[in-house]
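Undergrad: First, the structure itself, so that you have it in front of you.
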Amino acid sequence: MSSAKETDDLVEQMKATKAKWDAEDNAAGGGDETDALLSQAIAMAIDQGKGWASGEREKYLETLLDDDYIPPLFATSKEELANSGLADAFSTLHNEGETPGKNMLGFRQKGNESIALGRKNVAKNMSYYRDAVNHYYEAYHWACRIVPKDEDFVPTPEELLAAEDDPYFTEKELDNLKSIICANCAMAHMWLKNWGFVRDESNKAITHDPNNIKAWYRLAKAHQMLQAWEDAGNAIDSGLALEKDNTDLLKLQKLTEEKVRRARLHRQQRERARAERTSKIKEVWKYCKDENIALGRLPLVATVKDDEDEDGGDAIEHRWHHHYPHTGMLPRRRQEDGWAWPTLFVYPSHRQSDFIEQFGEDELIVIRMAQMFPEDESYNGGADTDIVWDFNNEFRCSNLAVYFEVHCSDGDKDTHTKQVIHPDSVERLVDQASAMRFYEASRALKGDEGPEMATVARCMERKHLHQQRKAWIDKHGSLWAKPDPCPVVQVHPGATLAQVLRHKNLVVPNFLLTFILFPNNHPAHAEFLKDHKCIGIVEPVGES
């Protein structure tokens, strides 16, 4: 490693050598030309501080030993060249003597020539169009490096003479050229049937020049081939607004007219349905807040990536929605008898369940149970129940214990502190906005908003799940450190649904009220109470 003293000694030695050569040249009456050049190089090195300064050589060697460092000469991608810090220097070296304006015009011309050759080629060789795409990309790259002149710019005579090698452009002229380059690139992609790139390049062309009629047509054509009918209709309308008699756009309009109309109608229906859902969510949230009814949510996805489980993401999602159902239904106001809730009765001992779409708040739970599980006298003289899976005739109204799970503790009511919960647990909805986002995501995942929105909703839910997992791991070390089974509250069948909803320990997940029922003497009932501590009972009004 070079030290500061060694560097100083080297500089002094260079100075002494230079002085010696200069003295010899003067004595010889002119000296050797090579010695003179070497003398000048040494002088320049000394003046500009060439050679390693203190610490520079060590720093450079450390850089070379860094696994992430790739010397620019060996860079194989733009990213690696950019990380070397010498991208601009190498670009300048590669195009030494050229100017951005001249390079832009040159590559644009090469692109035009490739397009022309492709059209003339009888064998329909697509390589001409691929070459054209690459040339247009290069032209656009150089166009972005040009610094435009002011609109009132007046060139000097010298600038006029140099314009062939160093052309200048105003911002408007430059935007027009960029638009033409992108539109031509879109045309080359059309020959290659790269419709996604046609769309992207046409959009860039329109961004630079909204009056580029060719770009509007190519954008409309791309949307047509991608079956984005409403976007195709919008592009056609925008193009015809500029040139109402454009033959290509009129033909495309006639060809896509019916599909565009249906797409727009379908969008209007979705927007109307979304507005109605928003109104309902607001009404439900206001009612629950006024009546002190707590709402919660479960994750709508089970994985943060498709290949997280060996069975594949789709299989996991299917099982997830089976175990944690979300019906998509909301509580609704009934004119005759107040509010009614979607309700699920679950029977873990027999792996069965019943869903009630509208369970009125003023109804007694025992009335519903009596309808589903009548007493023995209603069946064959008191012998068997009429439930096919009830082999031991245990599901009678008077023989069933009813519970609901306590998902959130009293401490979770503090909306100012974000609670860390296990991803499998219920998360309390703290405000109207979170309730609306959750419900809209659930509807999007069910396909109400189309496949694109379903993908967006899935990504957002996976991000939410990832954040929950990370927070839990940061606090507890592992996802395997699961919380204890949640406690339960027993429900007296004589209570009304309204009493249950307003109980201090109840949080309704996914807008779906869930009751768990067991036959009193069934072994599964005893096992359930071993794992889930019963912390209270909902008594009928008037009883102690």
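Undergrad: Being modelled with pLDDT of 90 or more and either over 30 Å from Glu230 (Cβ atoms) or of a type outside the set (Lys, Arg) (or both) narrows it down to one residue among Lys470, Lys482; which is it?
TA: Among Lys470, Lys482, only Lys470 is modelled with pLDDT of 90 or more and either over 30 Å from Glu230 (Cβ atoms) or of a type outside the set (Lys, Arg) (or both).
Undergrad: Here are some residues: Glu283, Glu230, Glu317, Glu257. Which one is of a type outside the set (Ser, Thr, Tyr), modelled with pLDDT of 90 or more and under 30 Å from Ser434 (Cα atoms)?
TA: The unique qualifying residue is Glu283.
Undergrad: Within region 250-275, track down each residue that is over 17 Å from Gln227 (Cα atoms) and open to solvent by 100 Å² or more (accessible area, probe 1.4 Å). Break it down stepwise before answering.
TA: Going residue by residue through region 250-275, those that are over 17 Å from Gln227 (Cα atoms) are 250, 268-275.
If the condition is that a residue be over 17 Å from Gln227 (Cα atoms) and open to solvent by 100 Å² or more (accessible area, probe 1.4 Å), then Arg272 is the only one that fits.
Undergrad: From the set of residues in region 521-537 that are open to solvent by 60 Å² or more (accessible area, probe 1.4 Å) and in a loop (DSSP other than H, G, I, E, B), which is farthest from Asn393 (Cα to Cα)?
TA: The extreme case among them is Lys533.
Undergrad: Moving on to the next point. Report yes if Asp362 is open to solvent by 40 Å² or more (accessible area, probe 1.4 Å), at pLDDT 65 or above and in a helix (DSSP H, G or I), otherwise no.
TA: No: the conditions fail for Asp362.
Undergrad: In addition: Need pairs with beta-carbon distance below 8 Å; first residue at positive phi and in contact (Cβ under 8 Å) with a residue 40 or more places away in the chain and within region 498-517, second in a helix (DSSP H, G or I) and surrounded by fewer than 21 Cβ atoms within 10 Å (Cβ to Cβ); sequence gap 6+ or separate chains.
TA: Qualifying pairs under 8 Å: Asn510/Ser442.
Undergrad: Being open to solvent by 50 Å² or more (accessible area, probe 1.4 Å) and closer than 24 Å to Arg274 by Cβ is the filter here; which residues of region 326-346 pass it?
TA: Met329, Arg332, Arg333
Undergrad: Would you check which residues across region 477-497 are touching a residue at least 12 places away in the same chain (Cβ under 8 Å) and open to solvent by 20 Å² or more (accessible area, probe 1.4 Å) and list them? Step through it out loud before you land on a result.
TA: Taking region 477-497 as the starting set, the residues that turn out to be touching a residue at least 12 places away in the same chain (Cβ under 8 Å) are 479, 482-483, 485-497.
Within region 477-497, Leu479, Lys482, Pro483, Pro485, Cys486, Pro487, Gln490, His492, Pro493, Gly494, Thr496 qualify.
Undergrad: Out of everything in region 417-426 that is open to solvent by 40 Å² or more (accessible area, probe 1.4 Å) and over 15 Å from His476 (Cα atoms), what residue ends up being modelled with the highest pLDDT?
TA: If we take residues in region 417-426 being open to solvent by 40 Å² or more (accessible area, probe 1.4 Å) and over 15 Å from His476 (Cα atoms), then Lys418 is modelled with the highest pLDDT.
The values are calculated or read from the model by the stated rules, or taken from the named source; none is laboratory data. All values derive from a computational prediction rather than experimental measurement. Virtual Cβ from ideal backbone geometry, glycine too; neighbours counted across all protein chains shown. To get the accessible areas, we keep the full protein, side chains included, count just its heavy atoms, and leave off ligands, DNA and RNA. Shrake-Rupley method; radii C 1.70, N 1.55, O 1.52, S 1.80 Å.
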